[in-house]
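Structure first, commentary second.
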Amino acid sequence: MTTTDTHRVIRPSILYFGTPVALLTTENASGTFNLAPVSSAWALGQRVVLGLGSEGRTVRNLAERPELVISLPSPELWERVERLAPLTGADPVPKAKRAAYRYEPDKFSAAGLTPRPSHLVRPPRVAEAPLQLEARAVASTPGGGGSFYSVECEVLRVHADERIVVPGTQHVDPGAWSPLIYNFRHYHGLTPELGHGFRSETPRTTARTG
């Protein structure tokens, strides 16, 4: 029996097919701090790889001062994240950004977010974010004909809100934690758990909630 193929070829302008939002704090040359949202981030072991636009302040800061904080907001923070979207820490604003972006020196205040001192790096954490990763950029690779960089970061310390930690363990509770997801430029949270991976080190969500 032949199954009808209901797919068609499309050419989307973007491929943000459901990735977590991260807020990156880096140090400016003046000693102040830049806060930038990114939607291309993935983790493997104790490393996080970030996709950064080549004209942004973040990639320049990391080239000179590799310390950073990767703060992961929850879905209810989406409006504050979106306030950051049209802002840039680059002054003057890069030519390619001038039509849609404006320079903002104090992005924490502009977004209504709170800086919190880190333990091992100079840039501050985002206090409202349930997960905060102190890190150091260790490698940077250009791509996209020079339009972006893939930046590999070593995670030095993880801060987790106690409400999303499995009691008595070092594990984040996947039933209590939901990252903010950027799905084709729309903001989403996670739906309830569908299944349990065989390599998971935490119990099934259904087992904890009944």
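The values are calculated or read from the model by the stated rules, or taken from the named source; none is laboratory data. Nothing here was measured: the structure is a model prediction, and the numbers come from that model. Each accessible area value is taken on the protein alone, full model and side chains, heavy atoms only, with ligands, DNA and RNA left out. Shrake-Rupley method; radii C 1.70, N 1.55, O 1.52, S 1.80 Å.
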Checklist entry - So what are the ³J(HN,Hα) numbers for the range 78-95, from phi and the Karplus equation (6.51, -1.76, 1.60; θ = phi - 60°), rounded to whole Hz, Gly and Pro as x? => result 4, 5, 6, 4, 5, 4, 6, 4, x, 9, 9, x, 8, 9, x, 5, x, 3
Next on the checklist: I'd like the carbon and sulfur percentage of the solvent accessible area for the range 116-210, probe radius 1.4 Å, heavy atoms only, ligands and nucleic acids excluded.
Outcome noted: 51 percent
Item to check | Residue-normalised accessible area of the range 113-210, expressed per residue, 1.4 Å probe, Å² | outcome: 63 Å²
Item to check | Separation of alpha-carbon centers, the range 45-65 and the range 139-210, rounded to whole Å | outcome: 20 Å
Item to check | Choice from LEU131, LEU23, LEU15 with maximal GNM fluctuation in the chain (Cα, 10 Å cutoff) | outcome: LEU15
Checklist entry - Could you give me the ³J(HN,Hα) list for the range 167-172, computed from phi with Karplus coefficients 6.51, -1.76, 1.60 and θ = phi - 60°, whole Hz, x at Gly and Pro? => result x, x, 10, 9, 9, 6
Checklist outcome for this item: Sorted largest first, the C-alpha extents of the range 1-150 along its principal axes in whole angstrom are 65, 35, 32
Item to check | Paired Rg and Dmax values of the range 1-89, which use every Cα atom, in angstrom | outcome: 17.3, 68
Checklist entry - Rounded if a/c is under 1.5, else prolate if a/b beats b/c, else oblate: with a ≥ b ≥ c from the C-alpha gyration tensor eigenvalues square-rooted, which is the range 101-169? => result oblate
Item to check | Solvent exposure, largest accessible area first (probe 1.4 Å, DNA, RNA and ligands not counted), of TRP78, TRP42 | outcome: TRP42, TRP78
